[in-house]
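Presented below is the structure to which this report refers.
Throughout, read-outs are computed from the coordinates displayed, never taken from laboratory work. The shown structure was predicted, so the numbers you read here are calculated from the model rather than taken from an experiment. When we count neighbours, we look across all protein chains shown, and the Cβ atoms used for this are built from the backbone with ideal geometry, even at glycine.
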Amino acid sequence: MSPMTMPKPSEQAKAAFQKLVPPDPNVTTRPMFGNLAGFVNGNMFCGLFGEDLFVRVSEDDQARVRKQGGRAFEPMPGRAMTGYVVVPAGWQKKPDTTRAWIVTALAWSRALPAKDKKKTAPARRAR
């Protein structure tokens, strides 16, 4: 079985994403799925998956995104990530609408419990 290949975003998509993520001191962007994602308090709230942009929002907001042409976020076909939805295609050409979804995702994710930083296992002593 060959390893799954993840889609890669274009430089244009990465630049558009960086411009849309709010300049908040509690927000960080870092690689995720071989792409870029935004995090707050350790929780991922938005990101790129190839040329697609996904956001983490409430169930009601997920339904709104789907009505606008969005879909479930499935990094692996048939395995949707709970709480995440892909915004409609063409998001780069609609910065105000897209920014509004990212801000909504940030607010939703900021209210979630902060994730603990991963602890490293103590080194085992040689016997």
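For residue 111 and residue 59, FRET efficiency with R0 = 22 Å and r from the beta-carbon atoms, rounded to 0.05?
Numbers: r = 14 Å, r/R0 = 0.65.
Taking R0 as 22 Å, the efficiency between residue 59 and residue 111 is 0.95.
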### Cβ-derived FRET efficiency at R0 22 Å, residue 8 paired with residue 89, nearest 0.05
0.80
#### Entry: Mean shadow area of the range 11-110 over all directions, Cα convex hull, nm²
5.8 nm²
### Task
Count the net charge of all other residues whose Cβ sits under 9 Å from the Cβ of residue 7, scoring Lys and Arg as +1 and Asp and Glu as -1.
-1
